[in-house]
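Colleague: The following block contains the structure, expressed as structure tokens.
No value in this document is a laboratory result; all are computed from the given coordinates. The model shown is predicted, which means the values in this text are computed figures rather than measured ones. Please note: Cβ atoms are built from the backbone with ideal geometry, for glycine as well, and neighbour counts cover all protein chains shown.
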Amino acid sequence: MPRYYFDIRDGEALSVDEEGLHLADQRAAEVEAALSLADATTDLAPSADGRDLAIEVRSAEGPIFRVSFLFEAARPNN
């Protein structure tokens with residue numbers, strides 16, 4: 001089974017996953033990344049400038065894909 005690493009990017013800050021997870025295939029890694037990102041977004045507070053949170057998935061060979069969440073509060077026009 002391949003090992004996938006899930007690095008978390010919060011704006012400019014990057015938390016590197018040193019352990020990774022053994023998963024059956026890329027589809028399993030996509031599901032894991034999406035569920036992890038959904039869970040992480042439950043704690044986000046709105047920001048006037050927006051908020052970008054992403055999980056960058058890689059293997060030993062390098063980057064594979066990125067899932068991201070952008071939170072922006074839209075204010076109605078008065």
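Colleague: Using modelled backbone amide H atoms (1.01 Å from N, in-plane), which distant-in-sequence or interchain residues come within less than 5 Å of GLY20's amide H?
Modeller: Under 5 Å from the amide H of GLY20 lie the amide H atoms of PHE6, each far enough along the sequence or on another chain.
Colleague: For the chain, modelled as a Gaussian network with Cα springs under 10 Å, which listed residue fluctuates most, GLU56, GLU18, GLU32?
Modeller: Residue with maximal mean-square fluctuation among GLU56, GLU18, GLU32: GLU18.
Colleague: Running a GNM on the chain with Cα contacts under 10 Å, which residue among ARG58, ARG66, ARG27 ends up with the highest mean-square fluctuation?
Modeller: ARG27
Colleague: Could you check which residue among ALA38, ALA60, ALA28 shows the biggest mean-square fluctuation in a GNM of the chain with a 10 Å Cα cutoff?
Modeller: ALA60
Colleague: Further question: Give, as a single signed number, the net charge of other residues whose beta carbon lies under 10 Å from the beta carbon of ARG9, with Lys and Arg counted +1 and Asp and Glu -1. Intermediate results must be reported in sequence, preceding the final value.
Modeller: Working: positive: ARG66; negative: ASP7, ASP10, GLU12, ASP52, GLU56.
After counting each charged neighbour, the total is -4.
Colleague: Report, in degrees rounded to the nearest 10, the 0 to 90 angle that the Cα long axis of helix 26-41 makes with the longest principal axis of the chain.
Modeller: The helix 26-41 is inclined about 30 degrees to the chain.
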